């Protein structure tokens, strides 16, 4: 149960800090500043949480990462289900906290949808958006599997490497899909935004669930094939 609580907390913090930063500063690639700040916010959360709850749960805080670990033999199917449920609940809690903060404080949501993902950067193309999410998640999860491999010997630097990689994929992905690479991170904000009448239609949510899972599965298969 402690592992599940850790995953809940970590995912909640990811949504509050990552999506919250996007809501506050916006993600306009032309302006640049908000774009980079949002990428850094997501990456720095991973760094912080890796050293905070990593020793408890491994700090997946992402169903796609958990799938990659499951396929690599690093966790049981029971724990996988528990992790995913905890992560989704944490994302919902994080989005709820953002709703309370921005609603009570009268702060303008610069994203218009609680930092939820969308297909505006790829002109509404679900196929292009799916490809973006598959590729970015593949890179992210492949890095995680490599860094956390006992043979890698990265030790205490693992959390920093993973956080920087998440920042990297956000730098490319924000202008295209808002960068999900995490089904829970997409699910929580999209559902809360929809329930509160803040846009973010759920019609394209499947892209940000299927894409990351496919990318993670491919990463697990590829890493298993090349590590030996």
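The values are calculated or read from the model by the stated rules, or taken from the named source; none is laboratory data. This is a predicted model, so every value here is computed, not measured. In this analysis, Cβ positions are derived from the backbone assuming ideal geometry, glycine residues included, and neighbour counts consider all displayed protein chains.
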Checklist entry - Out of curiosity, is residue 96 at pLDDT 95 or above, over 15 Å from the mean Cα position of the chain (by Cα), closer than 25 Å to residue 1 by Cα and not in a loop (DSSP other than H, G, I, E, B)? => result yes
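Would you confirm whether any residue within segment 32-44 is more than 17 Å from residue 167 (Cβ to Cβ) and in contact with a helix residue (DSSP H, G or I) (Cβ under 7 Å, 6 or more places away or on another chain)?
no
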Checklist entry - Would you say residue 192 is surrounded by fewer than 20 Cβ atoms within 10 Å (Cβ to Cβ), more than 17 Å from residue 60 (Cα to Cα) and in contact (Cβ under 8 Å) with a residue 24 or more places away in the chain? => result no
Checklist entry - Can you find even one residue in segment 178-187 that is out of contact with any helix residue (DSSP H, G or I) (no Cβ under 7 Å at 6 or more places or on another chain) and under 27 Å from residue 148 (Cβ atoms)? => result yes
Checklist entry - Right, residue 167: under 17 Å from residue 47 (Cα atoms) and free of Cβ contacts under 8 Å to residues at least 60 places away in the same chain or not? => result no
Item to check | Yes/no for residue 110 being over 19 Å from residue 180 (Cβ atoms) and not in a helix (DSSP H, G or I) | outcome: no
Checklist entry - How about segment 1-84: which helices (runs of 4 or more DSSP H) wholly inside it have at least 2 residues that are buried (at least 20 other Cβ atoms within 10 Å of the Cβ) and at pLDDT 95 or above? => result 2-14, 20-25, 33-52, 63-71
